[in-house]
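Participant: Following this message is one structure expressed as structure tokens.
The values are calculated or read from the model by the stated rules, or taken from the named source; none is laboratory data. It should be emphasised that the depicted structure is a prediction, and the values quoted were computed from it without experimental measurement. Heads up, the Cβs are rebuilt from the backbone with ideal geometry, glycines too, and the neighbour counts pull from every protein chain shown.
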Amino acid sequence: MTNLLPLLAPEDRPRALYHGLTAVSRDSAGQPPRFALRPLPTETVDLATLKDWFRRFVEVRDSEGAERCIVSAVRAGAYDIHMADMLFSAATDHRYLDSGHVLDFTNKAFEALDVARWPRAEAVLPCLAEGYAGARRMEESNSWRNPADLVGILKDAFEQLSSVVEEGRDRRGRWEGREELATVLLGEDGGAIAEALLEALRDGATEEELAGAVAYAAALRIARFPTTNEFGDWDTSLHTFTFSNAVHQGLRRAPSSEVLRGVFDAAMSVHLDRFLNVPPARVPEPNGSEAVPDDLLAELSTLLDERQKVDAAGELVASYLYGGGEADRLLAVMGGLLLREDRNFHTIQAIEAAFRQYVRLRDTTVGAHVLVAAARYLAAHSPTMRSQGQTYDIARRLSRGEILYEE
């Protein structure tokens, strides 16, 4: 919610903080206190060694050792980039840990510290350790092993990463293959996907550009999600998208060949989600509509008062953007429509990740597709009872000294 604040209308910002604060309070209410662990019994170990130890503790699923390693690193003077390197590297030692949640939550922890400031790192980052150690590793799952051994394909690709990155270094700044790569990522051949990613690096794509292209492909899975699927399947495509976004943000924070592996994991998850686009929903394109943008924004609010207006919401957002509508106003309206619903963690994730991606794709067709995906996901999960909004309105009126039973 803090990430969304700058994009919201001023009158919606207190409502966003209300949603965030009450979510935290509900997660915390009735829970036992958390007792911090001591650092490891050594003060002479350098950060590189602590990084290695942390990954070993995670490997053997020792959450206590992993937590103490984090505390030791922070107390040894590790700063943002050092801890990001340690944690994101461990989050990509295994494939798509816990359906992407481990890396996604790690990204959110660092974003929280961007706001709360680094002195709180020792309180925040150790809380991640249990998730690392206890996470399900996708190399243990049948879907990543059969009928195609995606884990084996990735292992072969990882062995080439250093060389292909070096090959493409002189061509950086000239890569323009995002949409072509997305077409391959949405295809049927896992081996071809891995090779296309390697080829993009050879052609000069930066790690960040590659991650952005995969995040775009993950958004297209949502934009093409047909409503004939089971409702719960929305979350499968959502997890791939939010993981892809987290990898993208992680590479911006601490670029390395280790974190780059997460881009390949995300691409394989996009590949595995292909059954959710059978048949694919049509992605709206420019249609020459002369609708007034302001009228479309008002219509979007009304549209989401009804259930399952998924395709209509996507069409409307596309018409608004292709018709010259101001993107910032659309983001503010979509954010407000999110806030009027009862909290759903996945819907908040979808909108926040889509907005984060759109900021870097502004005024492009690719960016429009990302917002179409966000609008479709929001429409699929609207309307709710909106009881949380009623509670907020009551509290707001009381704080102003208003009488509740008077209009």
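Participant: Does Ser256 meet the test of being of a type in the set (S, T, N, Q), at pLDDT below 95 and either closer than 22 Å to His101 by Cβ or surrounded by 20 or more Cβ atoms within 10 Å (Cβ to Cβ) (or both)?
Facilitator: Yes.
Participant: I've got another one for you. Among the residues of the range 184-192, is any out of contact with any Ser or Thr (no Cβ under 8 Å at 6 or more places or on another chain), among the β-branched types (Val, Ile, Thr) and more than 20 Å from Gly100 (Cβ to Cβ)?
Facilitator: Yes, that holds for at least one residue.
Participant: Of the conditions (1) surrounded by fewer than 24 Cβ atoms within 10 Å (Cβ to Cβ); (2) free of Cβ contacts under 8 Å to residues at least 40 places away in the same chain, Asp235 satisfies every one except a single condition; which number is it?
Facilitator: Among (1) surrounded by fewer than 24 Cβ atoms within 10 Å (Cβ to Cβ); (2) free of Cβ contacts under 8 Å to residues at least 40 places away in the same chain, Asp235 violates only (2).
Participant: Name the pairs whose Cβ atoms lie under 8 Å apart, with the first residue in the range 249-263 and in contact (Cβ under 8 Å) with a residue 60 or more places away in the chain, the second surrounded by fewer than 19 Cβ atoms within 10 Å (Cβ to Cβ) and part of a loop (DSSP other than H, G, I, E, B), and 6 or more positions between them or separate chains?
Facilitator: Note: pairs meeting the criteria are Glu258/Asp93.
Participant: Could you tell me whether Leu128 is surrounded by 16 or more Cβ atoms within 10 Å (Cβ to Cβ), under 26 Å from Ala200 (Cα atoms) and of a type outside the set (S, T, N, Q)?
Facilitator: no
Participant: Here is a check on your reading of the model: is Ala350 in contact with a Phe, Trp or Tyr (Cβ under 6 Å, 6 or more places away or on another chain) and under 20 Å from Arg15 (Cβ atoms)? Full working, then the answer.
Facilitator: Values: in contact with a Phe, Trp or Tyr (Cβ under 6 Å, 6 or more places away or on another chain): yes; under 20 Å from Arg15 (Cβ atoms): yes.
Against the criterion (in contact with a Phe, Trp or Tyr (Cβ under 6 Å, 6 or more places away or on another chain) and under 20 Å from Arg15 (Cβ atoms)), Ala350 qualifies.
Participant: Show the residue pairs that are 6+ apart or on different chains and have beta-carbon atoms under 7 Å apart, the first residue being within the range 117-137 and assigned to a helix (DSSP H, G or I), the second being of a type in the set (S, T, N, Q).
Facilitator: Leu128/Thr106; Ala129/Ser63; Glu130/Ser63; Ala133/Ser63; Gly134/Ser63
Participant: Continuing with this model, one more query. Sort out which residues of the range 162-183 are farther than 17 Å from His369 by Cα and either in a helix (DSSP H, G or I) or basic (Lys, Arg) (or both), and write them in order of number.
Facilitator: Ser162, Ser163, Val164, Val165, Glu166, Glu167, Arg169, Asp170, Arg171, Arg172, Arg174
Participant: Taking the stated definitions as given, is Val24 in contact with a helix residue (DSSP H, G or I) (Cβ under 9 Å, 6 or more places away or on another chain) and β-branched (Val, Ile, Thr)?
Facilitator: Values: in contact with a helix residue (DSSP H, G or I) (Cβ under 9 Å, 6 or more places away or on another chain): no; β-branched (Val, Ile, Thr): yes.
Judged against the criteria, Val24 is not a match.
This table checks each residue for (1) among the basic types (Lys, Arg); (2) under 22 Å from the mean Cα position of the chain (by Cα); (3) assigned by TED's automatic domain parsing to the domain that holds Phe241.
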{"site": "Pro41", "(1), (2), (3)": "no, no, no"}
{"site": "Arg68", "(1), (2), (3)": "yes, no, no"}
{"site": "Ala76", "(1), (2), (3)": "no, no, no"}
{"site": "Ser99", "(1), (2), (3)": "no, yes, no"}
{"site": "Ala112", "(1), (2), (3)": "no, yes, no"}
{"site": "Val115", "(1), (2), (3)": "no, yes, no"}
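Participant: Separate question: Looking at Gln388, is it out of contact with any Pro (no Cβ under 8 Å at 6 or more places or on another chain) and either surrounded by fewer than 13 Cβ atoms within 10 Å (Cβ to Cβ) or within 16 Å of His239 (Cα to Cα) (or both)?
Facilitator: Against the criterion (out of contact with any Pro (no Cβ under 8 Å at 6 or more places or on another chain) and either surrounded by fewer than 13 Cβ atoms within 10 Å (Cβ to Cβ) or within 16 Å of His239 (Cα to Cα) (or both)), Gln388 does not qualify.
Participant: Here are some conditions: (1) within 30 Å of Glu188 (Cα to Cα); (2) among the hydroxyl-bearing types (Ser, Thr, Tyr); (3) surrounded by 14 or more Cβ atoms within 10 Å (Cβ to Cβ). Ser143 meets all but one. Which one does it not meet?
Facilitator: (3)
Each row is one residue, and each column tells you yes or no for (1) in the same structural domain as His101 (by TED's automatic domain parsing); (2) modelled with pLDDT of 95 or more; (3) buried (at least 19 other Cβ atoms within 10 Å of the Cβ).
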{"position": "Val333", "(1), (2), (3)": "no, yes, yes"}
{"position": "Thr347", "(1), (2), (3)": "no, yes, yes"}
{"position": "Glu352", "(1), (2), (3)": "no, yes, yes"}
{"position": "Arg356", "(1), (2), (3)": "no, yes, yes"}
{"position": "Arg362", "(1), (2), (3)": "no, no, no"}
{"position": "Leu371", "(1), (2), (3)": "no, yes, yes"}
{"position": "Ala375", "(1), (2), (3)": "no, yes, yes"}
{"position": "Ala380", "(1), (2), (3)": "no, yes, yes"}
{"position": "Thr384", "(1), (2), (3)": "no, yes, no"}
